[in-house]
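Heads up, the thing below is written out as structure tokens.
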Amino acid sequence: MRSLSLHALGVMVRAMERILPTAQSPVALAGAIWLFGLAALQADYPIMAHRHTADPSALVHNQRLYLYASNDDENGTNRYSMTSIVCFSTEDLKNWTDHGIVFSATQHTAWATYAWAPSVLYRDGVFYLYFANGGASIGVATSSLPTGPFRDARGSPLISASPPGAASPT
């Protein structure tokens, strides 16, 4: 598994600075981050080599960059077991803080088993963490801080594989 490097992150941030004024939606911005991030990935100076992470997303809040990622815990097998989300942050892209696990699907929900592909948004004093429960559903958790702890906001999935009113074709 490759680690995100400081060089790669710097390239992404410079590209984002050019795109931000024209990005019309979070989806467009996420696409730009993905596109430029893929071109820049190197492992010169990994910022999170001590964890096995995937599916990173970013949030800038109060001039600090927060990176959220699915966390693959050691489980004694060759299979991944991503049940939690971790957070790293920086003000200068050089010195990083590991905030640890900010959300655990198995500890903070009664319905989710996995915590994949996180994305965090901020609105009206609340941070919203959206995550995939594998391919079964999408959940949302909230916190008053960007570093959590995040807690299940609904007690059920936001979107499930069985939407109300949908019928199976016969």
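Structure above, values below:
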{"quantity": "Cβ charges +1 (Lys, Arg) and -1 (Asp, Glu), total dipole of segment 46-139, debye", "calculated": "100 debye"}
{"quantity": "Rounded, prolate or oblate (a/c below 1.5 giving rounded, otherwise prolate when a/b exceeds b/c) for segment 89-168 by Cα gyration tensor", "calculated": "prolate"}
{"quantity": "Segment 53-108 shape via C-alpha gyration tensor axes, a/c threshold 1.5", "calculated": "prolate"}
{"quantity": "Radius 9 Å from Cβ of S81, net charge of other residues (Lys, Arg +1; Asp, Glu -1)", "calculated": "-2"}
{"quantity": "L158 versus T97: modelled label distance in nm, points set 7 Å from Cα along the beta carbon direction", "calculated": "2.5 nm"}
{"quantity": "Heavy-atom SASA rank of R154, R51 (probe 1.4 Å, accessible area, largest first)", "calculated": "R154, R51"}
{"quantity": "Solution diffusion estimate, µm²/s, Stokes-Einstein, segment 119-160, Kirkwood Rh from C-alpha pairs, 10 °C, viscosity 1.306 mPa s", "calculated": "153 µm²/s"}
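The values are calculated or read from the model by the stated rules, or taken from the named source; none is laboratory data. Since the model is a prediction, treat every value here as computed from it, not as a measurement. Cβ: placed from backbone, ideal geometry, glycine included. Neighbour counts: every protein chain shown. Note: areas computed on protein heavy atoms with side chains; ligands, DNA, RNA excluded. Shrake-Rupley method; radii C 1.70, N 1.55, O 1.52, S 1.80 Å.
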